[in-house]
Amino acid sequence: MTEFETLAHSGFVSFVGRPNAGKSTLTNALVGAKVAIMSSKPQTTRHVIRGIVNRKDAQLVIIDTPGLHRPRTLLGERLNDLVYSTWSEVDVIGVCLPSNEHIGPGDRYLIREILSTPGKRKMVALSTKADLVSPKRMAEHLLEIQALETEFDGSDPSVAVGAKGKTKKLHWAEIIPVSALTGEQVDVVADELIKLLPEGPRFFPGDEPTDEPLETQISELIREAALEGVRDELPHSITVVIDEMKDREGRPKNKPLLDIFASLVVERDSQKGIIIGHKGERLKEIGANAREQIKGLVGYPVYLSLHVKVMKDWQRDPKALNRLGF
């Protein structure tokens, strides 16, 4: 595989959807590896994650972005800016609409924002979580999705792009039911997305499932472990910094050990106490869960040392955000 060969289909797809719509799960299923962390908490994704699907004559780059939301902090504003800039540059946007829920105001808001964002791209509707519904309910959901084309027919003045204020119509290039959990129709989604891509170069050489640095992948796995079981207001305040990471010196080549020293950063002392837990039990649990995930990623044993630091109101502090990589 060479980096600059011209392929029959090559390009970028961004998945969007409300919290828990299945974006990250579908990304991982298509790539065939865990490149995006998953959590039931809103705004789990904090940066652009690229999952890469390589085929003989095609390369599909899936971009999992932070969820669009009403920002309450400077971090939220920066994440929203990241979403809009991604939408304006991709070839296809896949809108994830859970089949076990009715289409609601949040879905319509996302569609309106996509149509109002400059850029040329095709739109695909993905009826996710197909394993949770009956054939009758799935048929109803697909009709609901199709009806959105009539709703967004170009007459809505709020869907205007550019100085002339030209309104855009919604047109679904494809509507596809899919279950990322069971794998049902995942290959179909990949095939149809690839068909919509233009001819172009292979953007990423090799066969790696993501271009994310290993350090970033590890910090995300630690954050994923920390998100489970915490209060609703806490997830937004947690971020992870890798302080040091290296292979242990003096180990036999056939028995390597990766030493990782990481900090869980929160905004207040009370949050620090929640993360640590009674007699440190919560922090131990986070470490144990993260260690197994990291071992699976790197392929050999890991020593993980976690500490909790307080960085007051880091989500609102420009200097702190820059230091933390946002």
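Bear in mind that the values in this text are calculations on the coordinates, not laboratory data. Note that this is a predicted model, so its numbers are computed, not measured. Note: ideal-geometry Cβ built from the backbone for every residue, glycine included; neighbour counts use all protein chains shown.
Here's the picture: a label point sits 7 Å out from the Cα of A8 along the beta-carbon direction, and within the stretch 173-214 the residues with their amide nitrogen under 16 Å of it are 188, 190-202. Residues S10, S305, ranked from the fewest to the most other C-beta atoms within 10 Å, line up as S305, S10. Length available on full extension from D243 to E285: 0.36 nm per residue minus the Cα-Cα distance, which gives 13.1 nm.
In straight-distance terms, cross-link reach from K169 covers every one of the aspartates and glutamates whose alpha-carbon lies under 12 Å from its own, apart from those fewer than eight places away in the same chain; here that gives E149, E151, D153, D156. Give the angle, between 0 and 90 degrees and rounded to the nearest 10, that separates the Cα long axis of helix 186-195 from the longest principal axis of the Cα atoms of the chain. Taking the Cα atoms of the chain, the angle to 186-195 is about 60 degrees.
Put in order of Cβ neighbour count within 10 Å, fewest first, the listed residues T128, T117 become T117, T128. Exposure proxy shown here: for V133, V298, the number of other Cβ atoms within 10 Å sets the order, fewest to most, as V298, V133. The candidate values are [x] 0.99; [y] 1.09; [z] 0.97; the one derived from this structure for Rg/Rh (Cα atoms, Kirkwood Rh) carries the label [x]. Here the stretch 256-326 is assigned +1 on the Cβ of each Lys and Arg and -1 on the Cβ of each Asp and Glu. Its dipole about the Cα centre then comes out at about 140 debye.
The helix-only estimate of mean residue ellipticity at 222 nm for the chain, built from DSSP H runs of length n ≥ 4 each weighted as -39500 (n - 2.57), is -10500 deg cm²/dmol after division by the residue total. Comparing P256, P177, P19 in a Gaussian network model of the chain where C-alpha atoms under 10 Å apart are linked, the largest mean-square fluctuation is found at P256.
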